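**Student:** Dropping a structure here in structure tokens format, bear with me for questions.
The values are calculated or read from the model by the stated rules, or taken from the named source; none is laboratory data. Just so it is clear, the model here is predicted, and its values are computed rather than measured. Note that each Cβ is placed from the backbone with ideal geometry, even for glycine, and that neighbours are counted across all protein chains shown.
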Amino acid sequence: MTLIKSISGIRGTIGGEIGDNLTPIDLVKFASAYATWVKSQGGTKIVIGRDARISGEMVQNIVEGAVMAIGVDIIAIDLATTPTVELAVVHYKADGGIILTASHNPKQWNALKLLDHNGEFLNAEQGAIVLETAKNDSYKFVDIDNIGKIIERTNYDAIHIKEVLDLKMVDLEAVKKAKFKVVVDAVNSVGGIVIPQLLRAMGAEVVELYCTPNGEFPHNPEPLKEHLGEIMELVKKEKADLGVVVDPDVDRLVLISENGEMFGEEYTLVAIADYILSKTKGSTVSNLSSSRALRDITERHGCTYTTAAVGEVNVVAKMKATNAIFGGEGNGGVIYPESHYGRDALVGVALVLSYLALSGKTMSQLRATYPHYEMSKNKIQLTPDVDVDGLLEAVKKQYAAEEITDIDGVKIDFKEGWVHLRKSNTEPIVRVYAEHKTAEQADKLATEVITTVNNLIK
């Protein structure tokens, strides 16, 4: 079964059986349920955009038809990044938005990501209503005189780029003077359109690698080191100042240093926080599975760091609650409220280049100024009869002498290093994330906790 339903949307593989895969019938059900929720809030129009994956045009046509059949109007911005759709919802004073993207999943996947009138992902209560409506087919199609329409079919890229360049912390003049050379790997999706445009608007020389938006992903689209050997080599060959890597919907930003080494996806947040906090004091937020380095840098600037449960909607909620000036998720998801409350790689690129230009440092020199941590990611396979919640409670008691956070699974903070255990909602496993100063120490720490958990199961 490859149809996954959650409060933030529906995700699955194209083709196959209804209810088991993302079929046209499932698309109609879920789009209709969401449009019904929008109408129940007094809404009349939404924004729809999509990434460049192969199934995108088909999915868009089906979703648009279903939404109009419920009686909701559409502003279609077609090929667009996730943050572009989020900004467009606010710009057009729309009542919601649908982003057609499966993010970093392979090409056979697609998904509907659902937004509210603020251009932010639905919260748990809102998402639950949509899920229940779809489950019970509790929607009604309108008669001929009330069918929705496409109000406008347009492109929002230029406006998004201008909004990024107009941010106070983006020093366009300094970046233009620096004359950076940047290699871009956009995995042949929408980032291949907008990231080169942004960079050229900032005076950079751009070397494009996989920037044709045809949905033919040339490598695994998740921007991890093991998938990025080609751009790492090309950065060195081109003697570029840095490499920029984005996922198919451009809400994650991963950087390559001028020496061809990974800057570290966790350190995208760290570098930008360092820059922002050097200019403006304020608090920061990231999720429990993100690097301790953000906390270290925040405290270095005399500011306060707070953790949130994993998931963009949770990070945003915590940022609002703490009035944070910056935050995100350690996978390269940059959230800068001066722009909007959504992960945005365009904002990240502009801020990183601004810091690089003003600091006079190379990427590797900048990276060397930050505390070094390594992560280890593992999982514990469980039998279906294991009480996972009870198991995590037992883990809390076992490590009661340490600093424990239980807002999302169990995170154990040791004096040096941490381990975070989270149960999966789709399979009988516990995911185990560990961090320490070296990869060996992180692996050792993870192994020690996994052994403890396995002994508790016995």
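**Student:** Which numbered condition in (1) among the hydrophobic types (A, V, I, L, M, F, W, C); (2) in the same structural domain as S257 (by TED's automatic domain parsing); (3) more than 20 Å from V285 (Cα to Cα) is the only one that F326 fails?
**Tutor:** Exception for F326: condition (3).
**Student:** Given the criteria surrounded by fewer than 24 Cβ atoms within 10 Å (Cβ to Cβ), in contact with a Ser or Thr (Cβ under 7 Å, 6 or more places away or on another chain), touching a residue at least 60 places away in the same chain (Cβ under 8 Å) and acidic (D, E), does E258 qualify?
**Tutor:** yes
**Student:** Let me ask something additional. Could you please tell me which pairs satisfy a Cβ distance under 9 Å, a separation of 6+ or placement on different chains, a first residue in the stretch 382-401 that is in the same structural domain as P428 (by TED's automatic domain parsing), and a second residue that is part of a loop (DSSP other than H, G, I, E, B) and aliphatic (A, V, I, L, M)?
**Tutor:** Every condition considered, the pairs that remain are V388/L382; L391/L382.
**Student:** Looking at the stretch 398-416 only, could you name the residues that are in contact with a helix residue (DSSP H, G or I) (Cβ under 9 Å, 6 or more places away or on another chain) and under 14 Å from L288 (Cβ atoms)?
**Tutor:** Of everything in the stretch 398-416, those that are in contact with a helix residue (DSSP H, G or I) (Cβ under 9 Å, 6 or more places away or on another chain) and under 14 Å from L288 (Cβ atoms) turn out to be I404, D406, I407, D408, G409, V410, I412.
**Student:** I've got another one for you. Return yes when A357 is surrounded by 20 or more Cβ atoms within 10 Å (Cβ to Cβ), of a type in the set (A, V, I, L, M, F, W, C) and under 22 Å from the mean Cα position of the chain (by Cα) and no when it is not.
**Tutor:** no
**Student:** Here are G332, G327: which of them is touching a strand residue (DSSP E or B) at 6+ places or on another chain (Cβ under 7 Å), modelled with pLDDT under 95 and under 27 Å from E173 (Cα atoms)?
**Tutor:** One residue alone meets the criteria, G332.
**Student:** So for the stretch 64-79 (the condition being under 28 Å from N425 (Cβ atoms) and free of Cβ contacts under 8 Å to residues at least 60 places away in the same chain), does at least one residue qualify?
**Tutor:** The answer is yes; a qualifying residue exists.
**Student:** For the stretch 360-400, what are the residues that are surrounded by 14 or more Cβ atoms within 10 Å (Cβ to Cβ), among the polar types (S, T, N, Q) and closer than 30 Å to T426 by Cβ?
**Tutor:** Matches in the stretch 360-400: S376, N378, Q398.
**Student:** While we're on this one: Can you tell me which residue within the stretch 169-227, out of those that are in contact with a Cys (Cβ under 7 Å, 6 or more places away or on another chain) and not in a loop (DSSP other than H, G, I, E, B), is surrounded by the fewest Cβ atoms within 10 Å (Cβ to Cβ)?
**Tutor:** P196
**Student:** Turning to a different aspect of this structure: Mind telling me which of the residues V28, V72, V90 ends up being buried (at least 24 other Cβ atoms within 10 Å of the Cβ) and among the β-branched types (V, I, T)?
**Tutor:** Among V28, V72, V90, only V72 is buried (at least 24 other Cβ atoms within 10 Å of the Cβ) and among the β-branched types (V, I, T).
**Student:** For G417, work out the one condition from (1) surrounded by 15 or more Cβ atoms within 10 Å (Cβ to Cβ); (2) free of Cβ contacts under 8 Å to residues at least 12 places away in the same chain it doesn't fulfil.
**Tutor:** (2)
**Student:** Have a look at S189, S257 and point out the one that is among the small types (G, A, S), under 30 Å from Y373 (Cα atoms), modelled with pLDDT of 95 or more and under 22 Å from the mean Cα position of the chain (by Cα).
**Tutor:** After ruling out the rest, the residue left standing is S257.
**Student:** So, one more: Any residue at all in the stretch 281-294 that is surrounded by fewer than 22 Cβ atoms within 10 Å (Cβ to Cβ), of a type in the set (A, V, I, L, M, F, W, C) and either in contact (Cβ under 8 Å) with a residue 60 or more places away in the chain or more than 24 Å from P248 (Cβ to Cβ) (or both)?
**Tutor:** no
**Student:** In the stretch 321-337, how many residues are touching a Pro at 6+ places or on another chain (Cβ under 9 Å) and over 15 Å from C303 (Cβ atoms)?
**Tutor:** The qualifying residues number 2.
**Student:** A follow-up question, please. Quick check on S286: is it within 16 Å of the chain's Cα centre (by Cα) and either in a loop (DSSP other than H, G, I, E, B) or modelled with pLDDT under 95 (or both)?
**Tutor:** no
**Student:** Please go through the stretch 131-156 and pick out each residue that is under 23 Å from G9 (Cβ atoms) and part of a helix (DSSP H, G or I).
**Tutor:** Answer for the stretch 131-156, where residues must be under 23 Å from G9 (Cβ atoms) and part of a helix (DSSP H, G or I): L131, E132, T133, A134, K135.
**Student:** Scan the stretch 140-152 and give yes if some residue there is touching an Asp or Glu at 6+ places or on another chain (Cβ under 8 Å), crowded, with 20+ Cβ neighbours inside 10 Å and touching a residue at least 60 places away in the same chain (Cβ under 8 Å), otherwise no.
**Tutor:** Within the stretch 140-152 (the criterion being touching an Asp or Glu at 6+ places or on another chain (Cβ under 8 Å), crowded, with 20+ Cβ neighbours inside 10 Å and touching a residue at least 60 places away in the same chain (Cβ under 8 Å)), the answer is yes, since at least one residue qualifies.
**Student:** Can you tell me which residue within the stretch 375-423, out of those that are polar (S, T, N, Q) and over 29 Å from the mean Cα position of the chain (by Cα), is nearest to G264 (Cα to Cα)?
**Tutor:** Looking at residues that are polar (S, T, N, Q) and over 29 Å from the mean Cα position of the chain (by Cα), I get Q398.
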